[in-house]
Amino acid sequence: MKILLVDDSRTMRSIQKKVLEALGSNEVAEAADGMEALGIIASTPAGFNLIVVDWNMPNMDGITLVRKIRERDKATPLIMATTEAEKTRVIDAIKAGVNNYIIKPFTPETLLEKVRQTLARLQKAA
Amino acid sequence: MTQPAAISTPQALPSAPPASLDPKLIVPLINSIRAVFGTMVKLTVTIQRPHVKTSPAPMYDVSGIIGLSGDFIGSIVVSFQMEAAARIVSLFAGTTLAPDSPDFPDAVGELANMIAGGTKKALGGMASITVPNVVIGGGHVIARLSDVPCLVIPCQTPVGSFAAEVSIKKVQRSNASGGVA
């Protein structure tokens, strides 16, 4: 399973990476902002099985990244993992095209559950 | 990353929060601190008496700073003594992070980010938070809004102390809106 983690905090990416490796993801790419993520996505023709995106990042934020990804790709599962916890933010993210939403702080169990839930839901719908 | 200022000296603590301290600000911040440390650092935080910062004297060595804009403006700062910071961020990251590691300020900033995010939600309204800035070095001074009191919440953990400082005011306007940056 190939996963792209997009978060300006390297610490947070590292924490998420450890958790997701437990899920069996054998290839995890990392980006520190939306611009870098778009570059990685463009240079990865095979795509990713999952992209986890933070909201507040320099250069290009997560909501802009999600919108840009969804302009061309409606299928890749996207999870927003952010401190933005207001309902309006969650709604904005869903409208932009995320499949699930995790509010920081979160436990490893919550992240795993959200990932499993997202992948299972999309598999069922396919 | 060069914002000046100081971390409070809990000198003469008031017996009760002064009138200028809004309890609606204190409770969300305390709840957010406890949630972040309990979930991500696995540490119990003991909250000491909040007080208004009365002295600019620096007391801490490392500060994570988050600015707010929108319906609320101001800043939330989380400040540590160096040894406590090193132990806390190492627990957070799950690996030893020395203060000279590039990941050290990153981890401090992310803790401040989560604390500010949780506080912002509980305040209601629409506000945006900045990406974190981190200042390392004893004696730094952080400039703040001059017309808003700075509330200090001293915190104790089993691995050392830190303080959260909040200086926020609600923006009065009829057509409030706040996009996320």
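Could you tell me which residue of the stretch B:24-52 is nearest to B:Cys150 (Cα to Cα), considering only residues that are free of Cβ contacts under 8 Å to residues at least 24 places away in the same chain and of a type outside the set (Gly, Ala, Ser)?
The selected residue is B:Arg34.
Could you tell me which residue of the stretch A:80-103 is farthest from the other protein chains (Cβ to nearest Cβ), considering only residues that are in contact with a Leu (Cβ under 8 Å, 6 or more places away or on another chain) and buried (at least 23 other Cβ atoms within 10 Å of the Cβ)?
A:Val98
Out of all the residues in the stretch A:103-126, which are under 16 Å from A:Ala85 (Cβ atoms) and not in a loop (DSSP other than H, G, I, E, B)?
Answer for the stretch A:103-126, where residues must be under 16 Å from A:Ala85 (Cβ atoms) and not in a loop (DSSP other than H, G, I, E, B): A:Ile103, A:Thr110, A:Leu111, A:Lys114.
If a residue must be modelled with pLDDT under 95 and surrounded by fewer than 16 Cβ atoms within 10 Å (Cβ to Cβ), how many such residues does the stretch A:18-44 contain?
Count: 7.
The values are calculated or read from the model by the stated rules, or taken from the named source; none is laboratory data. What you see is a predicted model; the values in this text were computed from it and never measured. Here Cβ is always computed from backbone atoms with ideal geometry, including for glycine, and neighbour counts include all displayed protein chains.
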